[in-house]
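Asks: I have a structure here, written as structure tokens, and I will follow up with some questions on it.
The values are calculated or read from the model by the stated rules, or taken from the named source; none is laboratory data. What you see is a predicted model, and the numbers here were worked out from it, not measured in a lab. Reconstructed Cβ throughout: ideal geometry from the backbone, glycine too, with neighbour counts over all protein chains shown. Please note that ligands, DNA and RNA were not included when accessible areas were found on the heavy atoms of the full protein model with its side chains. Shrake-Rupley method; radii C 1.70, N 1.55, O 1.52, S 1.80 Å.
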Amino acid sequence: MYKIIKAEKLNAVVYLMVVEAPMVAKHCQPGQFVIVKEDDAGERIPLTICDYDREAGTVTIVFQPIGASTEKFAKLQAGDVFEDFVGPLGCPSEFVNEDPEELKKEKILFVAGGVGTAPVYPQVKWLHEHGIDADVIVGAKTKDLIILEKEMEAVAGNLYITTDDGSYGRSGMVTKVIEDLIAEGKTYTKCVSIGPMIMMKFCCLTTQKYNIPTIVSMNPIMVDGTGMCGACRVIVGDEVKFACVDGPEFDGHLVDWNLAMQRQQMYKTEEGRALLKLREGDTHHGGCGQCGGDK
């Protein structure tokens with residue numbers, strides 16, 4: 001059992017929890033995720049790691065209820081427990097294995113949309129701890145949906161808040177802020193974009209115009225988190241990848257965004273899953289073609 005140490009409502013629709021999970025906290029890195037299950041009857045829910053404290057043995061998760069299981073999560077309080085808290089899963093952010101001195105030569109821009117602010121935070125924090133300042137754009141529909149502003153401000157080189165309705169910070173989409181910053185004389189050698197698929201797609205279309213290499217964290221539907229179910233299958237540079245084991249981070253300029261978004265909608269129904277299995281054949285499950293498919 002994994003005890004909830006802290007449960008907090010960040011805004012009307014987003015929740016934060018600090019969970020006691022010493023082994024996960026000991027080994028996790030920015031960019032990775034966990035799969036959480038409340039009890040025997042619960043679903044396996046993939047959630048990106050927002051923060052971790054190796055000494056305290058805790059991991060912080062942030063989520064927005066979108067189904068029955070996450071609605072149940074939202075009702076949990078400090079002292080309650082999760083039956084399963086599996087991780088760390090996925091590959092760490094690529095810069096974790098890079099030389100910090102070389103990273104200091106980069107001009108890095110992070111673009112976070114909505115709840116995507118949560119997985120951006122540990123990456124920016126890691127860079128800050130290694131003496132690297134990164135610019136961060138955080139976007140949301142309205143002021144009340146901005147999360148982790150103070151935390152991000154403490155670790156970002158420059159923080160740019162924007163809201164679609166202009167109620168806080170700059171006015172407009174995150175892509176407009178990218179354009180504005182470049183027009184103001186900013187230059188970037190790398191971009192990391194995390195948020196809704198549609199936001200990441202248009203972020204990539206924008207950075208592509210300026211030849212800025214862009215990494216995205218794919219958040220398709222996941223079921224088992226080990227590459228066997230096929231739910232998180234994505235096409236990257238004409239290659240079949242699985243976000244849970246090959247990612248979740250990929251070169252955003254190589255992702256087939258239209259297919260990824262279409263597939264995410266299709267996978268929600270039994271008929272859609274059957275059709276995807278038929279179309280994708282041996283690459284539908286696990287990427288190996290030999291995993292048994294229905295196992």
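Asks: If you go through the range 39-58 one residue at a time, how many are touching a Phe, Trp or Tyr at 6+ places or on another chain (Cβ under 9 Å) and part of a strand (DSSP E or B)? Break it down into steps so the answer makes sense when it comes.
Replies: Looking only at the range 39-58, we keep the residues that are touching a Phe, Trp or Tyr at 6+ places or on another chain (Cβ under 9 Å), and these are 39, 42, 45-51, 58.
From what is left, the residues that are part of a strand (DSSP E or B) are 45-51, 58.
Residues flagged as touching a Phe, Trp or Tyr at 6+ places or on another chain (Cβ under 9 Å) and part of a strand (DSSP E or B) within the range 39-58 amount to 8.
Asks: Right, next: Have a look at 180, 164, 135 and point out the one that is free of Cβ contacts under 8 Å to residues at least 24 places away in the same chain, in contact with a strand residue (DSSP E or B) (Cβ under 8 Å, 6 or more places away or on another chain) and of a type outside the set (Gly, Ala, Ser). Explain how you work it out, then say what you get.
Replies: Values: 164 fails: free of Cβ contacts under 8 Å to residues at least 24 places away in the same chain; 135 fails: free of Cβ contacts under 8 Å to residues at least 24 places away in the same chain.
That would be 180, the only listed residue that is free of Cβ contacts under 8 Å to residues at least 24 places away in the same chain, in contact with a strand residue (DSSP E or B) (Cβ under 8 Å, 6 or more places away or on another chain) and of a type outside the set (Gly, Ala, Ser).
Asks: Among residues belonging to the range 211-242 that are at pLDDT 95 or above and either open to solvent by less than 30 Å² (accessible area, probe 1.4 Å) or hydroxyl-bearing (Ser, Thr, Tyr) (or both), point out the one that is farthest from residue 256 (Cα to Cα).
Replies: The extreme case among them is 212.
Asks: What number of residues within the range 169-185 satisfy the criterion of being part of a helix (DSSP H, G or I) and open to solvent by less than 70 Å² (accessible area, probe 1.4 Å)?
Replies: Selection size over the range 169-185: 8.
Asks: Are there any pairs with C-beta distances below 7 angstrom linking a residue in the range 80-106 that is farther than 17 Å from residue 29 by Cβ to a residue that is assigned to a loop (DSSP other than H, G, I, E, B) and of a type in the set (A, V, I, L, M, F, W, C), with the two at least 6 apart or on different chains, and if so which?
Replies: 81/1; 83/1; 104/132
Asks: Just to check your reading of the model, which residue among 21, 25 is touching a residue at least 12 places away in the same chain (Cβ under 8 Å), surrounded by 14 or more Cβ atoms within 10 Å (Cβ to Cβ), in contact with a Lys or Arg (Cβ under 6 Å, 6 or more places away or on another chain) and farther than 14 Å from residue 70 by Cβ? Before you say what the answer is, go through the steps one by one.
Replies: On the way: 21 fails: in contact with a Lys or Arg (Cβ under 6 Å, 6 or more places away or on another chain).
The conditions single out 25.
Asks: Now a separate question. Regarding the range 22-38, can at least one residue be identified that is assigned to a strand (DSSP E or B), touching an Asp or Glu at 6+ places or on another chain (Cβ under 9 Å) and at pLDDT 95 or above?
Replies: No, because not a single residue in the range 22-38 is assigned to a strand (DSSP E or B), touching an Asp or Glu at 6+ places or on another chain (Cβ under 9 Å) and at pLDDT 95 or above.
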